Amino acid sequence: MAYNKILFFLLFIFALQACQKVETMERDLSRWAVPDQLPVNSILVHNDSLYIGLGDLFNRGGLWVSPIDSPSWDSLLVLNHAVRDLQWLDDRLYAYPIGNTVYYREGGIWSGLYMPGWEYFSAGHFFSDSAGILVAGENLGLGRIHRLRANGNFPYLLQADSFLHSFSDLAGQADGRALAVGYGLILKTTDYGQNWAPMPPQGNYFRAISWPDSLNAFVAGDYGSVYKSEDGGESWQKLLSGRTINPKYRWRCILALDQDHLAVGGKDGALLLSEDGGQNWQKLQGLEGEEILCLAHDGQFWYLGTAQGHIWGFLY
């Protein structure tokens with residue numbers, strides 16, 4: 001009886017994977033090298049410029065910018081460790097590196113928000129200049145959530161919550177809602193990070209999240225799974241099934257432009273694109289040997305940042 005149940009389960013998984021059709025596609029690809037060919041952890045498109053956060057943990061890192069139409073990199077912030085995430089909020093540019101400082105640039109001047117100790121920040125989201133959240137964690141170890149505390153004219157960061165496993169990514173909405181993902185869990189807050197509640201599904205190693213509008217959100221797992229929520233993260237449906245043993249895809253990033261158009265990228269040059277909310281996928285050819293860490297789109301072109309220190313661009 002137990003054998004039959006196992007066999008039925010395996011047949012169900014194989015049938016589910018067989019229904020997930022992925023077609024191949026080809027595009028003309030452009031490739032640019034970044035300074036020192038450092039890993040490209042984050043890409044932002046803003047006012048016809050491309051902003052990139054670079055670095056490999058304790059190697060040289062920082063923030064560079066280039067015009068989109070003619071790549072030539074100018075350094076805005078040079079550090080001795082990696083910048084993991086970037087965010088534009090109104091006229092302020094935030095850089096989230098590992099360490100004890102969150103940097104922001106306004107009017108061409110850099111300032112910092114400091115905290116005691118050292119932290120492996122992985123992502124951040126500021127709702128305003130006086131309300132923000134950062135998530136952190138090293139490998140599969142203890143995960144932490146930090147909040148910005150405003151004290152008159154001296155805002156600072158304060159560790160707020162600890163969890164058993166690390167966090168990989170974070171996405172937020174202007175109304176104080178945010179979703180944090182990591183090893184084994186998805187957490188949601190509705191009050192600017194004051195309180196958090198776990199959301200199903202559980203147990204996957206969630207690596208990246210994208211939340212393009214108030215209702216639709218997408219999450220990518222390390223072992224190839226992709227989930228979608230249509231109710232602001234309260235419930236999730238699986239779009240792609242993953243495998244913990246010999247996974248076909250190892251996702252590192254996901255970006256949804258709206259409820260229909262999205263891309264997910266990862267190891268071994270894997271990049272899938274969908275135009276119908278993840279019901280059907282196309283796999284881009286020609287990126288073998290690259291590990292895709294981040295994605296951006298300017299309305300016409302996709303941009304991919306890789307661990308090998310390259311940015312790839314193509315029209316789609």
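The values are calculated or read from the model by the stated rules, or taken from the named source; none is laboratory data. The structure displayed is predicted, hence computed values, not measured ones. Neighbour counts run over all protein chains shown; Cβ positions are idealised from the backbone, glycine included. Remember, those area values only see protein heavy atoms, side chains included, never the ligands or the DNA or RNA. Shrake-Rupley method; radii C 1.70, N 1.55, O 1.52, S 1.80 Å.
For residue 188, the lysines whose Cα comes closer than 17 Å to its Cα, not counting residues fewer than 8 places off in the same chain, are 228.
Simple point charges give the picture: +1 on the Cβ of Lys and Arg, -1 on the Cβ of Asp and Glu, and for the range 236-279 a dipole about the Cα centre of about 440 debye. Taking the longest Cα principal axis of the chain as reference, the axis of helix 2-19 is set at about 70 degrees. Per residue, the accessible area of the chain comes to 46 Å², computed with a 1.4 Å probe over protein heavy atoms only.
Would you kindly state how much longer the chain becomes between residue 26 and residue 88 on full extension, computed as 0.36 nm times their sequence separation minus their alpha carbon distance, in nm to one decimal?
19.1 nm
Out of (1) 28, 21, 18; (2) 31, 25, 17; (3) 33, 23, 20, which label holds the value of semi-axes √(5λ) of the Cα gyration tensor in Å that was computed here? Matching the structure shown: (2).
On the beta carbon distance between residue 175 and residue 260, with R0 = 30 Å, the FRET formula returns roughly 0.85. Largest mean-square fluctuation among 89, 272, 293, in a Gaussian network model of the chain whose springs join Cα atoms under 10 Å apart, belongs to 89. The relative contact order of the range 229-316 comes to 18 percent, based on Cα pairs under 8 Å that sit 6 or more residues apart. Inter-label distance, residue 238 to residue 191: 3.4 nm, where each label sits 7 Å from its Cα along the C-beta direction. Loop exposure criterion: GluC sites (Glu not before Pro), DSSP state outside H, G, I, E and B, at most 11 other Cβ atoms within 10 Å. Applied to the chain, the longest stretch between such sites is 27-287. Here the accessible area is traced with a 1.4 Å probe on the protein chains. For the chain, carbon and sulfur cover 49 percent of it. Using 0.36 nm per residue and subtracting the Cα-Cα separation, the extra length available between residue 149 and residue 109 on full extension is 12.2 nm.
Here residue 267 is the anchor, and the lysines within straight C-alpha reach of less than 20 Å, apart from those fewer than 8 places off in the same chain, are 21, 248, 283.
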